[in-house]
1. Any residue that is within 23 Å of residue 59 (Cα to Cα) and either in contact with a helix residue (DSSP H, G or I) (Cβ under 7 Å, 6 or more places away or on another chain) or not assigned by TED's automatic domain parsing to the domain that holds residue 59 (or both) - is there at least one of those in region 38-49?
2. Which residues, taken from region 29-54, are in a helix (DSSP H, G or I) and exposed (fewer than 13 other Cβ atoms within 10 Å of the Cβ)?
3. Kindly indicate which of 78, 83 is exposed (fewer than 11 other Cβ atoms within 10 Å of the Cβ), out of contact with any Leu (no Cβ under 7 Å at 6 or more places or on another chain) and modelled with pLDDT of 70 or more.
Amino acid sequence: MTFVPWAAFKPWVGTRWRRRKQKLQERLLERLLARLPGLQPMVRHVELSTPLSTELFCRPVQGAIYGVDPTPERFTSRWLRPRSPVPGASLHPHAAT
């Protein structure tokens, strides 16, 4: 897994999912195996997901995969802060313990 800028996938917006995915998956696997040919016999399954795949199936903003944008407002919202039933483990001063 790696993070990539949304702009890198902008040229493929509106293209068919399976066709774009297959071509990119083949190119990436080819490049990986060129660098690490010893992995070839170990490859049993390959699955590729791009920000466009995530957008198609999950409908986030520009391929984001981890939910709400990490803005200052998000981290100050008492409703979106992590909470724990374990005393002292919550990261929010107003969380119920």
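1. First pass over region 38-49, keeping only residues within 23 Å of residue 59 (Cα to Cα): 47-49.
Still in the list and also either in contact with a helix residue (DSSP H, G or I) (Cβ under 7 Å, 6 or more places away or on another chain) or not assigned by TED's automatic domain parsing to the domain that holds residue 59 (or both): 48.
So far as region 38-49 goes, yes, one or more of its residues are within 23 Å of residue 59 (Cα to Cα) and either in contact with a helix residue (DSSP H, G or I) (Cβ under 7 Å, 6 or more places away or on another chain) or not assigned by TED's automatic domain parsing to the domain that holds residue 59 (or both).
2. Start the filter on region 29-54 by keeping residues that are in a helix (DSSP H, G or I), which leaves 29-35, 37-42, 51-54.
Within region 29-54, 30, 31, 34, 35, 37, 38, 39, 40, 41, 42 meet the criteria.
3. Working: 83 fails: exposed (fewer than 11 other Cβ atoms within 10 Å of the Cβ).
Every option except 78 fails the conditions.
The values are calculated or read from the model by the stated rules, or taken from the named source; none is laboratory data. None of these values were measured; they are calculated from a predicted model. Glycine gets a Cβ as well: all are built from the backbone with ideal geometry, and neighbour counts include every protein chain shown.
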